[in-house]
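Following: one structure in structure tokens, then a few remarks.
Values quoted throughout were computed directly from the atomic coordinates according to the rules given, and no laboratory measurement underlies them. Values in this document were obtained by computation on a predicted structure and should not be read as measured data. Here the Cβ is made from the backbone with ideal geometry for all residues, glycine too, and neighbour counts use every protein chain on show.
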Amino acid sequence: MTDAPNIDKSALRDAATVIVLRDRGHAPSILMGQRGAKAAFMPNKFVFPGGAVDPEDAHVPFANPLSPLCESRLLDDAPPGCAPALAGAAIRELWEETGQVLGTPGEWPTPTPRNWRDFAAQGQLPNAAPLQFVFRAITPPGRPRRFDARFFLLDAEDLATDPDDFSAASDELAHLQWIALDKVRGFDLPFITEVVLAEVAARARDRAPPASVPFFRNDDEESLFLRLHGKPLPD
């Protein structure tokens, strides 16, 4: 568990980001796109797909839930019950921004949440099991928007769609592409993305969950780099 002073989270929005890793065994690459020049948050930067949690994300039916370890670490220094909403946001934002589906064939109950209707139309239920929680970061004070972002690592082979087909993507991210992990620092990246990439590069060929999850925590007085361990799991 973390041990740090509380911060005022009134201006923060929970968010989820997905790092999709491809060909991790021999030539790893990651899926990224470029934010628009007029975007209020990180304009022109190359980023992973992701965004803020919507209230509907907490109520979607999962074909498979998060792993117990992943859920436990998400709940470390976080509100009870937040894990399903974060997983839902990760899967929804991945779909909206890239047209990629992390799902398992299945029928949705009715009525379908409004922001999930296009996803449901693919005949897939969201599948949270392949998501691996690997990083958490809070946007520093003074930015136009502040997020409490959780980063999930995902293998491209777990997608239900063709990883090269972005035809269903929205226009929120331009220049969607797979970028070689050893070339990505040549792109215009946010600082926190560079920090996360260092963690991803260190684990690119290791599918096991990390020993703990880094947490870059910013408040009005100081920045702390913590580790999230979660609660011990039953044997």
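From the Cα gyration tensor of the stretch 32-129, with a ≥ b ≥ c the square roots of its eigenvalues, which class applies: rounded if a/c is under 1.5, or else prolate if a/b is larger than b/c, or else oblate?
It comes out oblate by the Cα gyration axes.
Rounded, prolate or oblate for the stretch 173-229? Axes are the square roots of the Cα gyration tensor eigenvalues, ordered a ≥ b ≥ c, and the cut-off for rounded is a/c under 1.5.
The shape class here is oblate.
Work out the charge dipole of the stretch 63-184 with +1 on the Cβ of Lys and Arg and -1 on the Cβ of Asp and Glu about the Cα centre, then indicate which of A168, T139, G106 is farthest towards its positive end.
T139
Can you compute 3J(HN,Hα) from phi for each residue in the stretch 124-138, using the Karplus curve 6.51 cos²θ - 1.76 cosθ + 1.60 with θ = phi - 60°, rounded to whole Hz and x for Gly and Pro?
Listing the rounded values in order: 10, 9, x, 10, 8, 4, x, 6, 10, 6, 10, 6, 9, 8, 9 Hz.
When the chain is modelled as a GNM with alpha-carbon springs shorter than 10 Å, which of V101, V200, V18 fluctuates the most?
Result for the chain, Cα springs under 10 Å: V200 fluctuates most.
Restricting attention to the stretch 171-235, which trypsin sites (Lys or Arg not before Pro) occupy a DSSP loop and are surrounded by at most 14 other Cβ atoms within 10 Å?
K183, R205, R207
Quick one: which residues, 5 or more positions from E172 or on another chain, have an amide H under 5 Å from its amide H? H modelled 1.01 Å from N in the peptide plane, none for Pro or chain starts.
none
Give me the dipole magnitude in Debye, nearest 20, for the chain about the Cα centre, with unit charges on the beta carbon: positive for Lys and Arg, negative for Asp and Glu.
340
What is the fewest-to-most order of F187, F48 by other Cβ atoms lying within 10 Å of their Cβ?
Ascending number of Cβ neighbours within 10 Å: F187, F48.
Distance between Cα centroids, the stretch 80-123 to the stretch 142-162: provide it in whole Å.
Going from one Cα centre to the other spans 14 Å.
Once you have a ≥ b ≥ c as the square roots of the Cα gyration tensor eigenvalues for the stretch 114-213, tell me rounded if a/c is under 1.5, and otherwise prolate or oblate according to whether a/b is larger than b/c.
Rounded, since a/c falls under 1.5.
Please give me, ordered by residue number, the trypsin sites (Lys or Arg not before Pro) of the stretch 63-150 that lie in loop per DSSP and have at most 14 other Cβ atoms within 10 Å.
R145
Could you work out [θ]222 nm for the chain from helices alone, using -39500 (n - 2.57) per DSSP H run of at least four and dividing by all its residues? Round to the nearest 500 deg cm²/dmol.
-5000 deg cm²/dmol
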